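For reference, the structure discussed in these notes is given below.
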There are 2 protein chains.
Amino acid sequence: MTTINDVARAAGVSAATVSRVFNGGRVTAERAERVRRTAAELGFSPNRVARSLRKQRSSVIGLIIPDIENPFFTSLARGVEDAAQQTNLSVVLCNSDEDVEKERRYLEIALAEQMAGVIVAAASRNRTDLSPLAARGMPVVAVDRRPRGASVDAVMVDNQHGGEEATAHLLSEGYERVACITGPEGASTSEERLAGFRTVMSDHLRERGEDQARLREYIRYADFRVEGGRAAMEDLLRLPEPPDAVFVANNLMTVGALEALREAGTLPPETGVLSFGDVPWASLVHPSLTTVQLPSYDLGWTAAGLLQDRIGGVDRPLQTLVLRTSLQVRASTGGPSAD
Amino acid sequence: MTTINDVARAAGVSAATVSRVFNGGRVTAERAERVRRTAAELGFSPNRVARSLRKQRSSVIGLIIPDIENPFFTSLARGVEDAAQQTNLSVVLCNSDEDVEKERRYLEIALAEQMAGVIVAAASRNRTDLSPLAARGMPVVAVDRRPRGASVDAVMVDNQHGGEEATAHLLSEGYERVACITGPEGASTSEERLAGFRTVMSDHLRERGEDQARLREYIRYADFRVEGGRAAMEDLLRLPEPPDAVFVANNLMTVGALEALREAGTLPPETGVLSFGDVPWASLVHPSLTTVQLPSYDLGWTAAGLLQDRIGGVDRPLQTLVLRTSLQVRASTGGPSAD
DNA sequence: GGGTCTGTTGAAATCGATTTCTTTCAAGAC
DNA sequence: GTCTTGAAAGAAATCGATTTCAACAGACCC
C-alpha cells in the first residue's frame, strides 16, 4: 500500500506538497505535474481512514432503512445513491429490520465512523432517538417517517392527499361500498391515509344522505403485512353487506387482500382494489389494479439533496418537504360490472 | 466527543490502560472497574476511524451487489447481515447497478476504507477485476457469479441442476413442448441453466424417438429483463407449433413472459410456466406458478461465514461451495388441461 | 541479600493523511 | 539598495486510538 510519504519521497517533495496537489493547494505547475505522474505510477490512492481521522469527517453518508426487502425502500435508496454520486459521497446502506435496537447500533456506528451525515427512515416514530446525532452536530434527514420530537430536516409523503385521491378514484369508477384497510392504530402513516379516506367518504355519504355510521363498519386496522391484509379482507367479506371496493393502505397488505379476494372469487375489477404504494409485479398480472404511486425515488433524491446542503454548511431553518403521491390508473375497466 | 484521553485523565490512568480495559489487556480489577465507570459516565465510545487507522483494518465488511431492487439480492443481503451480526461486524451495502465502473469505484473504496473484507456479486464475469483486493491481502468472497480468473473463495448456485429439475418437473406434469427462455449468451448463469434444460429435454426427445432439432427451435436467448422475457415469449407464441410450457431462466423475464401469455389468453396452467428464481408476489396471484427456489439467503449467510473465517486468519485452500436449488410446487393443478 | 520472573503501568511511537507554522525566495515599491 | 508583500514549500503538529517498550514493584528462589 503506497502512502503519501512514498509518493513524496519518489517525487522529491514533501508530503504536504503531495497533499496540496490533490486538495487544491498552491503548487507550481511543474511540481504538481511531477507529483501527479509519480502518484499514478505508484498507484497511490489516499487512505480514507487517515483522511477521515484528520478531517474529522468521512465522505460517506449512511442510509438507514427499516426493510431492505420492501421495494419502496430500495427505490428510495436508489434515489439517495444517484443524488450522492454527484458530489462524490458514497452511500452505505444499513437495514434496521424495523428493530429499534438494531437501528440504535447503526446510528452509533454512524457517529463512531464520523460519517458526513445520515438519512433515516425511522423504525419507530416514538422510540427512534436521533438526538445523539443532532447533539454532536451530525447532519440528519428524516425520510418517510419523522420521529417524534426530532429537530431535523424531513422529507415526507402527503399521505392524507393520497388517501383522498385513492378513495375519490374508487368512487368515480362507480363503486359504492368502499372499505379501507389501514395500518396499525397510532402509526402516523396509517392514520393519515385513513384520514384521507374518511374525508372523502364522509362527504360522499353526506351528499347521498346516507348514514355516516356505515363509514366505521368498513374500516379495518391491520399491521402493514401480507397476513394482516388477508385477515382484514376476509373479515370485510363476512359482513352482511360486503364492500364492493377496498382501499388498502400499503402494498404488502394489498397482496393479502388479493389472496382473500381470489379465494372469494371476486377479483378486480368486480371488487375494486386500490393499493397505496406500488405492488411491483402483481400489477402486471392484475391489470385493473390501480395504485397510489409513492414518490419513493424522489424521496431519496430530495433527502440526499437536503443532507448535502447541510453537510456543505448551508445554514437555514429546519425544513420539512412534503411530496405528493400520484394516481396510477392501470386500465380503465369502467368499474364494477353492471349486473 | 469524549476521547480516550478524556477518560484516562478523568480516571487518573493512562490512555494505554483505558485501551487495555476495552480490548482485554491485563489491568487490575479495581482500576478496570474505575475506568469502566468513568467511561460510562462520560459516554465514551471509541472512535472507529482512529482505531481502524491504527489497526489497519476496520470492522466493516462490504457487500457489493448489482441490483438492489432485485429481491434475490436483497434476500442475499439479509443472509450476510444476519451472519455478520454474530461477530460484531457491520455490513455496508453498495449497489453497483450492473455497472462495472461503479463497481470498480466501490471496490476501491473498500480498499481505501480498509474494510475487513468484501463479498461481491460481480457485475460482470469478464470485466470485474478483483485482483487489486487480493493483491493487498483483503479477504474476498465471490457470490452467485465468480469473475473469470479470480482466485477467491466463492459460493455459487447449482444452476445446471436447477435447470434440470425445472425441466423435468414440467415434463412430469404432462407438458410436451417445453421451451426455454434463458439469459444472455455467454453469461455463465444463463448457459448453465440452459444446459440443464438441454440435458433433460434431449433425453426426453430421445426416449420419444423425436427429432433433436426441435430442441433448438424452442430456445430463446434474452436479457434477464422484463421486456426481454416478454419479447421472447411473444416470439415463441408465433411459432407454427407454439410451446405448451416454458422454463424461464430468471424472475424478471418470467414477469414479461406472463404478460405475453396474458395477452395471448393462455395463462398457466394452460401453458406451463416455471420460473428460475422466485417471483415474490405474482406467485400469490398465479397459484399455478412453480418456481425453482434459489437459496439466496443461504448464499449470503454462507459467504459471510467464509469471509469471517478468512478475516479471522483461517488458512486453507480456496473453496467453492455450491448450493442447490429447490423446487417449490405451488399447487398441483395437474398440468395442462385435457381438452 | 542478590537475582530472576511476572504482572502492571505509563510514556512514547505509530498508523497516514491534513493543516498550521515557518522559512525561503523573488518580485515590486520607494 | 532596502523594505514590503506574497507565493511556494517543507517541518512539524494534529486527529484518537493501539501497541511497543521500558520501568517498576512484588513474589519467589538460591
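The values are calculated or read from the model by the stated rules, or taken from the named source; none is laboratory data. Owing to the predicted nature of the structure, the values given are computational and were not obtained by experimental measurement. Neighbour counts are summed over all protein chains in view; Cβ atoms, including those assigned to glycine, are modelled from backbone coordinates with ideal geometry.
Observations
- For A:Asn5, the criteria (1) under 24 Å from B:Arg51 (Cα atoms); (2) more than 10 Å from every other protein chain (Cβ to nearest Cβ); (3) in contact with a strand residue (DSSP E or B) (Cβ under 7 Å, 6 or more places away or on another chain) hold in every case but one, which is (3).
- For segment A:1-20, a residue qualifies if it is assigned to a loop (DSSP other than H, G, I, E, B), of a type outside the set (Gly, Ala, Ser) and near DNA strand D (Cβ under 10 Å from one of its atoms), and exactly one does: A:Val13.
- In segment B:175-194, the residues that are under 19 Å from B:Leu236 (Cα atoms) and not charged (D, E, K, R): B:Tyr175, B:Val178, B:Ala179, B:Cys180, B:Ile181, B:Thr182, B:Gly183, B:Pro184, B:Ser190, B:Leu194
- Test: A:Leu53 is within 8 Å of chain B (Cβ to nearest Cβ), in a strand (DSSP E or B) and of a type in the set (A, V, I, L, M): no
- Inspection of segment B:71-87 finds a residue satisfying the criterion of being over 27 Å from B:Gly277 (Cβ atoms) and in the same structural domain as B:Gly300 (by TED's automatic domain parsing).
- Flag for B:Ala83 being free of Cβ contacts under 8 Å to residues at least 40 places away in the same chain and among the aliphatic types (A, V, I, L, M): no
- Residue in segment A:328-336 that is at pLDDT 80 or above and either under 30 Å from A:Val118 (Cβ atoms) or crowded, with 16+ Cβ neighbours inside 10 Å (or both) present: no
- Residues in segment A:79-97 that are assigned to a helix (DSSP H, G or I) and in contact with a Phe, Trp or Tyr (Cβ under 6 Å, 6 or more places away or on another chain) were compared, and the one that is surrounded by the most Cβ atoms within 10 Å (Cβ to Cβ) is A:Gly79.
- Per the listing B:Gly209, B:Gly174, B:Gly186, B:Gly163, the residue uniquely in contact (Cβ under 8 Å) with a residue 12 or more places away in the chain and on the phi > 0 side of the Ramachandran plot is B:Gly174.
- Unique match (being within 13 Å of DNA strand C (Cβ to nearest atom) and under 30 Å from A:Arg146 (Cα atoms)) among A:Arg20, A:Arg57: A:Arg57
- All positions within segment B:21-80 that are out of contact with any Asp or Glu (no Cβ under 9 Å at 6 or more places or on another chain), among the small types (Gly, Ala, Ser) and within 13 Å of DNA strand D (Cβ to nearest atom): B:Gly24, B:Gly25, B:Ala39, B:Gly43, B:Ala50, B:Ser59
- So A:Glu101, is it acidic (Asp, Glu) and at the interface with chain B (Cβ under 9 Å from one of its Cβ atoms): no
- Among the residues here, A:Ala84 qualifies as hydrophobic (A, V, I, L, M, F, W, C), touching a strand residue (DSSP E or B) at 6+ places or on another chain (Cβ under 8 Å) and farther than 29 Å from A:Phe224 by Cα.
- Screening A:Ile64, A:Ile68 for residues that are closer than 24 Å to B:Arg105 by Cα and assigned to a strand (DSSP E or B) leaves exactly one candidate, A:Ile64.
- Residues of segment A:190-240 classified as among the polar types (S, T, N, Q) and within 14 Å of A:Met253 (Cα to Cα), total: 1
- Pair list, Cβ < 6 Å and 6+ apart or interchain, from segment A:8-32 residues that are over 14 Å from A:Arg51 (Cβ atoms) to residues that are within 8 Å of DNA strand C (Cβ to nearest atom) and assigned to a helix (DSSP H, G or I): A:Ala8/A:Ala15; A:Ala8/A:Val18; A:Val27/A:Arg20
- In segment B:165-185, the residues that are in contact with a Phe, Trp or Tyr (Cβ under 9 Å, 6 or more places away or on another chain) and either surrounded by fewer than 19 Cβ atoms within 10 Å (Cβ to Cβ) or not in a helix (DSSP H, G or I) (or both): B:Arg177, B:Val178, B:Ala179, B:Cys180, B:Ile181, B:Thr182, B:Gly183, B:Pro184, B:Glu185
Matching residues to (1) modelled with pLDDT under 95; (2) more than 12 Å from DNA strand C (Cβ to nearest atom); (3) in the same structural domain as A:Arg105 (by TED's automatic domain parsing); (4) surrounded by 14 or more Cβ atoms within 10 Å (Cβ to Cβ):
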{"site": "A:Arg9", "(1), (2), (3), (4)": "yes, no, no, yes"}
{"site": "A:Val13", "(1), (2), (3), (4)": "yes, no, no, yes"}
{"site": "A:Gly25", "(1), (2), (3), (4)": "yes, no, no, no"}
{"site": "A:Ala32", "(1), (2), (3), (4)": "yes, yes, no, yes"}
{"site": "A:Glu41", "(1), (2), (3), (4)": "yes, yes, no, no"}
{"site": "A:Gly62", "(1), (2), (3), (4)": "yes, yes, yes, yes"}
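- Just one residue in the set A:Leu258, A:Leu215, A:Leu252 is part of a helix (DSSP H, G or I), over 24 Å from A:Leu294 (Cα atoms) and among the hydrophobic types (A, V, I, L, M, F, W, C); that residue is A:Leu215.
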